[in-house]
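The values are calculated or read from the model by the stated rules, or taken from the named source; none is laboratory data. Since the model is a prediction, treat every value here as computed from it, not as a measurement. So basically every Cβ, Gly included, is an ideal-geometry build from the backbone, and we count neighbours across all protein chains shown. All accessible areas refer to the heavy atoms of the entire protein, side chains included, with ligands and DNA or RNA removed. Shrake-Rupley method; radii C 1.70, N 1.55, O 1.52, S 1.80 Å.
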Amino acid sequence: MPTQPTPEIPYTVRRSSRARRIRVNVHAHTGVEVVLPERAPNRAAAAAVSELRPWIERQLRHAGEVRARIAARAGTVPYLGRSLELVPQADRTRAHRAGERLLVPAVDPRPAVERFYRRAARAEIGVRLDRATGEAGTAYSALEIRAQRTRWASCSPTGRMSFNWRLLLAPERVLEYVVWHEVCHLEILDHSPRFWSLLERRWPGYRDDRAWLRRHGATLVL
């Protein structure tokens, strides 16, 4: 019986002036992307995909699981470990929570839902940040709610805190972990062993929450 040809893996190519080497990214929602340095030949992309094929295929299987998890919650959105039922209303322009329901515009509700999460994130994160810094005996200078593509939160040397609103789509304990992670950065800005030791004392078991975020972070989308 003749051997069936191995199907090609589709991918896109992006050139970057900042790239120093070839990089392959697998995104749950947009597929495989090969990042090439500006002077790399086009054939380098195909070679990288061929070389990394087993790893790419594992990542694509995980991406399929991510999309299935998102599809399974149709008609609802997660909120700190709870599930809110989306209730479309024809005359509504602003998303509003009513108990375990989220009242949303009937047409294209996503922008209104995102605005709701951004508003809620400031309140949910703010109260946790105040409590954590109070316990730690530290202080922050400002709180920003953003939609970073590659990070969940950050702490500047001046104490300015920035958090991704999509953290509200995660379980509450995961949000608490990220808050404590950044509060520890008020004392130690790097990720040295001293930092992780401090975080372990302030938020025991942080490794489980960090692992959850790495595993399921791609599902935290509307």
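Taking ARG94 as the residue in question, decide whether it is assigned to a loop (DSSP other than H, G, I, E, B) and in contact with a Lys or Arg (Cβ under 9 Å, 6 or more places away or on another chain).
So ARG94 passes the test.
ASN25 - would you say it is surrounded by fewer than 17 Cβ atoms within 10 Å (Cβ to Cβ) and more than 19 Å from ARG149 (Cα to Cα)?
Taking the combined requirement at face value, the residue does not satisfy it.
For THR138, are the conditions met, namely being open to solvent by less than 70 Å² (accessible area, probe 1.4 Å) and among the polar types (S, T, N, Q)?
yes
Does the stretch 141-175 hold any residues that are of a type outside the set (Ser, Thr, Tyr), under 22 Å from ARG207 (Cβ atoms) and open to solvent by 30 Å² or more (accessible area, probe 1.4 Å), and which are they?
ARG151, TRP152, ARG166, PRO171, GLU172, ARG173
Could you give me the residue pairs with C-beta distances under 8 Å whose first residue belongs to the stretch 168-193 and is farther than 30 Å from LEU84 by Cα, whose second residue is in a loop (DSSP other than H, G, I, E, B) and open to solvent by less than 30 Å² (accessible area, probe 1.4 Å) wherever it lies, and which are 6+ apart or on separate chains?
LEU186/GLY159
Please verify whether the stretch 203-217 includes one or more residues that are part of a loop (DSSP other than H, G, I, E, B), in contact (Cβ under 8 Å) with a residue 12 or more places away in the chain and touching a Gly at 6+ places or on another chain (Cβ under 6 Å).
No, because not a single residue in the stretch 203-217 is part of a loop (DSSP other than H, G, I, E, B), in contact (Cβ under 8 Å) with a residue 12 or more places away in the chain and touching a Gly at 6+ places or on another chain (Cβ under 6 Å).
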